[in-house]
Each structure stands twice: as structure tokens, then as C-alpha cells.
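Here's the structure we're looking at; comments come further down.
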Amino acid sequence: MTAGHEIETRLREVAATLLCDKKVDLFLGYEKTSLPLRTTPLFLTSADEVERLAWNPFCAANLAVYLPRFFRAPADAREAKTQPPAPTVGMVVKGCDARTVTALIQERQVPRDKLVLVGVACPGMVDIRKAERVLGEQEALGAGEDGQGNIRVVVEDGSEVTLRRDLVVADACLECRSPTPALHDALLGSPVEAAETDAARRRTAEFESKPPDVRWARFQEALSKCIRCNACRQACPMCYCKDCLLDQTRPRWIGAGTDLSDVTVYHLVRALHMAGRCTECGACARACPMGIDTRLLVRKMNQEVEDLYGYQPGQAADATPAMSAFAMDDPQEFLTEP
Amino acid sequence: MAQTQTAPPTTGPATWQPKVVAFLCNWCSYAGADLAGVSRIQYPPNVRIIRVPCSGRINPLFLLRALQNGADAVLVSGCHPGDCHYISGNLAARRKFALLKDLLLYVGLEPERVQFTWVSASEGGRFAAIIDKVVEQARRLGPNRKLVKPL
């Protein structure tokens with residue numbers, strides 16, 4: 001039995017107990033789909049169905065994206081009267097998901113006392129695109145995990161291919177600094193240490209080492225693929241605004257088409273909105289149908305916030321987010337002096 | 001009467017003049033610009049001033065929009081730290097501006113296209129000197145082509 005199976009069994013037990021004891025009204029987890037290398041979000045309301053819960057190397061989705069809608073404040077007095085009481089939600093959290101939940105608690109989007117977090121120490125989740133690239137022409141028919149944590153894939157002709165986990169996990173996982181959830185009510189699996197603590201910095205430094213014109217050209221080349229589907233916004237658990245500036249038409253702040261200038265402004269604005277808030281779960285990169293490195297700018301912004309203001313998003317539920325705070329002696333070397 | 005005089009060319013590299021959009025806070029910098037005016041301090045006429053209630057009112061998107069719409073440089077000026085009419089608007093703004101400047105530098109845009117400063121209501125001379133500097137830098141950079149949206 002692999003570590004993954006053990007966790008899956010424990011997870012089902014914990015979820016069943018929570019649902020039976022009415023500790024939670026709803027339990028969020030993952031379920032197998034008919035497609036290999038993937039899972040789909042599962043919303044459980046009854047303990048009878050806990051067998052559907054899955055835990056495998058394909059549970060990449062950040063389920064925290066579903067949380068704010070359960071706890072949204074009523075728009076007016078009438079809605080306040082008719083709105084059903086907020087449920088208590090149980091949820092599987094990986095390291096990144098726990099950071100996101102922490103950030104959502106910090107921003108008063110979800111109440112801590114309405115959440116029961118079942119933490120799972122995460123060894124990194126598979127990036128489907130990477131796995132498919134390694135598999136090449138071979139179509140995956142089934143997939144699982146072997147004893148070493150590598151990925152076993154059954155391909156068309158019935159043979160098995162083993163993919164080394166570190167070669168197929170998502171970039172966000174390779175850069176993850178806290179794979180073991182810090183915020184949790186129960187923890188399954190043995191704690192996992194971060195593989196490398198400065199992987200994100202290295203990526204930023206690599207991009208920064210290029211001359212400005214090359215950086216601009218690279219940036220523009222990547223964005224020229226963007227079709228402005230807004231999937232990165234939709235997938236992001238920290239993009240919870242009820243009225244997004246992208247949906248406003250009076251004024252239409254950023255042109256909705258694929259004009260490169262509009263695309264550029266969109267991505268710059270997204271990076272600024274996520275600065276010091278992005279918990280680096282990689283949901284945007286997973287959602288992008290064009291395979292754009294959506295984390296390029298946000299990664300840099302988070303590092304800048306850390307360097308300037310000593311703040312990392314999603315670390316402490318009672319901390320004030322850096323961009324909601326200020327100090328008299330904040331650095332201001334960037335100012336123009338006559 | 002037939003027009004005999006030809007109008008001077010308004011476009012072309014020989015006559016190109018940088019366009020600078022300046023967002024000035026109502027309480028300090030706008031008054032500083034006013035003081036520069038009533039004191040008859042000369043500064044380049046390339047600047048278009050937009051008055052805002054506070055530097056904290058400025059969304060970085062405004063600056064990007066200005067660049068997109070053809071500004072060659074953007075200047076934001078507010079009250080000096082500690083002097084904000086709304087106590088801390090400029091302090092909150094300072095964090096946003098620091099990140100915006102870093103971000104533009106990171107993606108390879110000229111950081112001189114976006115400038116930030118503090119000008120108080122009594123600093124007419126400083127305002128003129130800042131405008132001098134920003135216009136001069138924009139002139140050296142040449143027309144903004146990277147972010148401008150073609151019509």
C-alpha cells in the first residue's frame with residue numbers, strides 16, 4: 001500500500017466522521033474522473049458517499065476557490081433575511097491551499113470557525129501538460145502512484161510507464177516553500193520538507209539577468225498567445241471580487257480584445273492586484289489554455305513585497321496584508337528628486 | 001483669400017514633443033503647481049495636469065491607461081509623508097507605486113516613463129524643477145511605443 005492510499009483511506013474516515021457527527025455540512029475533496037491524470041472537485045454532503053473521495057498525485061486543484069461564495073455578505077436587508085445560514089465546510093488542504101485559506105481569512109472572506117481543514121502533507125501535484133509532454137504520442141489510459149511516489153501510467157498498448165515525480169510536478173510545486181499545511185485541524189501523512197527554498201528566486205533572477213529589451217520581447221511573445229479568456233482570474237481563489245474591473249463597461253478600463261497593448265495592461269494589472277496576496281498555488285497556470293507562464297510577474301511581485309515590507313502572503317491568519325498596510329519609514333528610493 | 005502660409009508641421013521627429021501626464025493631489029502638489037504659476041516660474045509646457053483628491057486615489061491602472069493612450073511619461077505627485085490631508089493616503093500610495101515601478105522595470109519598460117514624487121503647496125520651485133527633469137528624461141527616451149495602443 002502506498003503512502004497515497006493510506007492517506008486516502010484516512011481521509012475517507014475523517015470525512016465520514018465529520019459528516020456523521022454533523023461537524024460539517026459539506027466536505028470538499030477530490031474525486032476520480034473517467035480521464036487519467038485528472039481529478040474533479042467533489043462536494044460531499046453525506047457520509048454514505050465518502051468512498052468517492054480520492055487522494056492521488058492529480059489532486060492539483062485549489063479547492064479554496066469555492067469558499068468565498070459560501071460566506072458572501074448579503075447585498076441588502078432583504079437578501080439578509082432570505083439567505084440561508086452559512087454552512088460549516090470541511091475541506092482537504094495541501095500546503096498551498098492552506099496558505100490560500102489563511103489569506104482568505106486575513107481578508108475576511110471566510111470565517112475560521114466555519115472551516116474544518118483536513119491537511120495533507122503534499123509531495124507535489126502532477127502538471128498534466130508536463131506529463132503529456134513526457135508521454136509524447138502515447139495516450140494515458142490509467143494512472144497511479146508507485147511506492148517511491150513516482151507516477152505509473154498505463155498507456156495504450158497496455159504497458160506501464162513510470163514518470164519521475166520531480167519531472168512532472170507543477171512549477172508551483174517545485175517552488176513551494178511550505179508543502180505541509182501550516183493551518184489545519186487534522187494532518188494526514190508525514191510532513192514533507194520543501195525541496196528547495198529559493199527556486200522561485202532563481203527563476204526571477206534568470207529572467208532579470210536579461211537586458212530590458214530582451215525581457216520585453218520575451219514578455220510580449222508570451223502574451224501574444226493570450227486569448228483573454230480570463231480563466232486565470234476565474235481560477236484564482238484570491239480573485240473573489242463580486243464586481244471585477246474587467247466586467248465593467250462604463251468605463252471599460254481595459255479593452256477586452258486581444259490587442260497586445262490591452263493584453264499587456266491586463267497582465268500588469270493582474271500582477272499588481274495579486275502582489276503580496278498570491279499564495280502561489282499555480283491555479284492560474286493550470287487554467288491557462290494557452291500555456292502562458294501566468295506566474296512570471298506575480299512571482300516577482302511577491303518577492304518584491306517580501307524584500308520591501310518583510311511580508312509573505314498566507315502565513316498568519318491574524319497578520320495584516322502588506323498592501324493593506326503602510327509605515328512612515330517605508331523605502332522610497334524610487335522617488336524622483338529634482 | 002487664398003491661404004499662402006503653410007502651417008508648421010505638427011508631427012515628425014524634428015518637432016516631436018513629449019507628452020507628460022501629471023496626476024497631482026489637490027491639497028499639496030496641485031497647490032504647488034499653482035504657486036509655480038503665480039510665481040511665474042518657467043517650466044516646460046509639455047505637462048498635462050490631472051487633479052486628484054489624493055495620491056492615494058490613484059490606481060496604478062490610471063497610469064498604465066495614460067501610457068496606453070499615448071502619454072510619453074506619467075508623473076504622480078502627492079503630499080510629503082506626514083502631510084497628507086487624509087493622514088495616510090500618500091503612505092498607502094507609496095507601496096503601490098514602489099511595486100508598479102519595479103514591475104515595469106522587470107518587464108523591460110523604461111522606468112523613467114513612470115515617476116513619483118512629493119511636492120508641497122509651498123514648493124513651487126521644486127515643482128518646476130521636477131517637471132523640467134521629467135520632461136527632459138521623456139525627451140531623451142523618445143516616443144513611448146512599447147505600451148501605446150494603436151488606434
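The values are calculated or read from the model by the stated rules, or taken from the named source; none is laboratory data. None of these values were measured; they are calculated from a predicted model. Backbone-built Cβ (ideal geometry, glycine too); neighbour counts: all protein chains shown.
Set side by side, the residues A:Val93, A:Val153 differ, and just one is within 25 Å of A:Asp21 (Cα to Cα) and not assigned by TED's automatic domain parsing to the domain that holds A:Gly314, which is A:Val93.
Scanning segment B:116-151 for residues that are modelled with pLDDT of 95 or more, outside any helix (DSSP H, G or I) and in contact with a Ser or Thr (Cβ under 7 Å, 6 or more places away or on another chain) gives B:Phe116, B:Thr117, B:Trp118, B:Val119.
Using the structure shown, decide if B:Phe23 is at pLDDT 95 or above, in a helix (DSSP H, G or I) and not aliphatic (A, V, I, L, M). So B:Phe23 fails the test. Go over the candidates A:Leu268, A:Leu260 one by one and state the one that is within 18 Å of A:Gln220 (Cβ to Cβ), within 12 Å of chain B (Cβ to nearest Cβ) and in contact with a Lys or Arg (Cβ under 9 Å, 6 or more places away or on another chain). Only one candidate qualifies: A:Leu260.
State yes or no: is B:Arg94 at pLDDT 95 or above, within 21 Å of B:Ile130 (Cα to Cα), among the basic types (Lys, Arg) and buried (at least 22 other Cβ atoms within 10 Å of the Cβ)? Here the answer is yes, as B:Arg94 does meet what is asked. If you go through segment A:255-267 and keep only what is among the hydrophobic types (A, V, I, L, M, F, W, C) and either more than 16 Å from A:Cys229 (Cα to Cα) or at pLDDT below 95 (or both), you end up with just A:Ala256. Within the set A:Arg78, A:Arg99, A:Arg72, A:Arg108, the sole residue that is in a helix (DSSP H, G or I) and surrounded by fewer than 18 Cβ atoms within 10 Å (Cβ to Cβ) turns out to be A:Arg78. Residues in segment B:98-108 that are touching a Leu at 6+ places or on another chain (Cβ under 9 Å) and at the interface with chain A (Cβ under 7 Å from one of its Cβ atoms): 7 in all. Of the residues A:Val110, A:Val101, the single one that is under 30 Å from A:Thr320 (Cβ atoms), under 15 Å from the mean Cα position of the chain (by Cα) and of a type in the set (Val, Ile, Thr) is A:Val101. Number of residues in segment B:117-151 that are more than 8 Å from every other protein chain (Cβ to nearest Cβ) and hydrophobic (A, V, I, L, M, F, W, C): the value is 9. Evaluating A:Leu163 against the criteria (1) buried (at least 17 other Cβ atoms within 10 Å of the Cβ); (2) closer than 21 Å to A:Val305 by Cα; (3) more than 20 Å from the chain's Cα centre (by Cα) leaves one unmet condition, (2).
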